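Peer 1: Sending over a structure as structure tokens; questions will come in a sec.
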Amino acid sequence: MTQSTLTEQLRAWHDGDTQAFQTIIETQYYQLKNLGRHLLAKDRLGRQIQPTELINLAFSSLCQKQSISWADRRHFFGVAVRTMRRCLIQEARRLGAAKRGAAWAHVSLEDNTTPHHACSAETLLLVDEALKNLANLDPMVAQVVELRFFGGFSVAQAAEILDVSEPTINRKWRFAKAWLSNALTHG
């Protein structure tokens, strides 16, 4: 599905066309499932929740967002990544992992966002809390972290989604890594 076709389907869904949402699910499922795999590869919740279950939770939540006035594909994927992140956080809390500070772990926000380590549920909750604080300081920086760290998007893809230049993404990413490192180290 082309970007303009997806945008048309999102707008049709917003206008009440339930078949448009089914089309969106069918055409974007594979890409969203890959995002889910990426998210689950970063944490130990992957043993408790599978990518398909995460996507189902995310689509269930997205289904409730018909009232959003979807701008385009970029907007949709930004909301989808945020929704999946929230689903993971809810799952971590459900598993009773909210023992603040119980298992401090190193969280790498390297430029290579390919998962190469696992974060515990506790660490995921700490990153989420720090990310909420960062969003209060600079919402776009928090969006960059969501897209790069949680969504696994490249600099170019994040730039396209946020409709900014790649140097802007690189600058925001550097700031985010430094800020989050400080926040996670000093609590």
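Peer 1: Nearest 0.05, what FRET efficiency do D72 and E129 give at R0 = 35 Å with Cβ-Cβ as r?
Peer 2: 0.70
Peer 1: Additional query: Run down the aspartates and glutamates and flag those whose C-alpha is under 12 Å from the C-alpha of K33, throwing out any fewer than 8 positions away in its chain.
Peer 2: Partners within reach: E53.
Peer 1: Turning to a different aspect of this structure: Within the set of other residues whose C-beta is less than 11 Å from the C-beta of T23, count the net charge using Lys and Arg as +1 and Asp and Glu as -1.
Peer 2: Counting the neighbours of T23, the net charge comes to -3.
Peer 1: Check the straight Cα-Cα distances from K177 and name the aspartates and glutamates below 15 Å, setting aside those fewer than 8 residues away within the same chain.
Peer 2: E110, D111, D128, E129, D138, E146
Peer 1: Run the numbers for A183 and V79: contour at 0.36 nm per residue of separation, minus the present Cα-Cα distance, in nm.
Peer 2: 35.0 nm
Peer 1: If you don't mind, another one. Suppose the chain between K33 and E8 were pulled fully straight at 0.36 nm per residue; how much longer would it get relative to their current alpha carbon spacing?
Peer 2: 6.8 nm
Peer 1: DSSP loop (so not H, G, I, E, B), at most 16 other Cβ within 10 Å: list which trypsin sites (Lys or Arg not before Pro) in region 15-91 pass both filters.
Peer 2: K65
Read the figures in this text as sums done on the coordinates, not as results from a lab. Given the structure is predicted, the values throughout are model-derived calculations rather than measurements. All Cβ positions, glycine included, derive from the backbone under ideal geometry; neighbour counts span all protein chains shown.
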